[in-house]
Amino acid sequence: LSDLISLKQTSHTFNSLITSKSFKICVLSNSISQFKSINQRYSIWNHYLNLNSFIKDLISENIPKENKDTIKTNEDFYNYMLQLVSKTKSTNENTPQNKSIIKSYEDIVKDIDRSFQTERFIKGNGKIELHHVLDTLATLKQSMGYCQGMNFIAGAFIHLLDKEDKTFYVFASLIFEYELNTLFKYGTPDYGMRIYQLQHYTKVFFPNLY
């Protein structure tokens, strides 16, 4: 009983989101691919994740006062994060924090080539886009850094949304607002719980697959 109570308390937002009938139809099933317009796909995620509010808070919390007048759009902030990544990489500070983020950058490089083998990643800009998204996420949340598995989620969103800045915001929202970070923290504390949830909701919504 205590395990079930804990499960409910730590996953309330996730459960509320995933049990929504429309979310199941549009996102969990393949029917989302019926929306040919990339803008329509992004609008679905924007609606269910309440992205506009999240992005506004994200920007206000991460922009120094001297930059507030120059960063006015979502694209501005994403470009600001890319510049911050470049600055961090060129810094030779021998601090534990800098060593940690540089280690994340190195791990990302190792995973890029073994993430996807689609045309976008072989002949297009997929690898560069994925590199940018993962670098910015690791820089934004240095206490979490980078963990294997993030590359495949980010890559899937790049395919789905077709823009790296949109991928960055959707993935960041899932990590920071919907507790996905617990799958990437040291020791993956919520891994067993998420597997249980996946089995449960597969059984409820997709019994034949289960």
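The values are calculated or read from the model by the stated rules, or taken from the named source; none is laboratory data. On a predicted model such as this, the values are computed, not experimentally measured, just so you know. FYI the Cβ positions are ideal-geometry reconstructions off the backbone, even for glycines, and counts take in every protein chain you see. Each accessible area value is taken on the protein alone, full model and side chains, heavy atoms only, with ligands, DNA and RNA left out. Shrake-Rupley method; radii C 1.70, N 1.55, O 1.52, S 1.80 Å.
Values for this structure:
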read-out	value
Projected label distance in nm at Phe152 and Gln199, using a 7 Å step from Cα toward the beta-carbon	1.9 nm
Portion, in percent, of the accessible area of the stretch 132-210 that falls on carbon or sulfur, probe 1.4 Å	57 percent
10 Å binning of all Cα-Cα separations within the stretch 111-210, expressed as whole percents from 0 upward	15, 41, 32, 12, 0
Residue-level accessible surface for Tyr201, protein heavy atoms, 1.4 Å, Å²	30 Å²
Centre separation in Å (Cα based) which lies between the stretch 44-119 and the stretch 146-173	12 Å
Flagged links, alpha-carbon separation over 29 Å, of Lys72/Lys163; Lys56/Lys87; Lys68/Lys127; Lys89/Lys163; Lys56/Lys203; Lys103/Lys127	Lys68/Lys127; Lys56/Lys203
Surface per residue (accessible, 1.4 Å probe) for the stretch 53-182, Å²	52 Å²
Sparse-neighbour loop sites [GluC sites (Glu not before Pro); the stretch 30-133; at most 15 other C-beta within 10 Å; DSSP]	Glu93
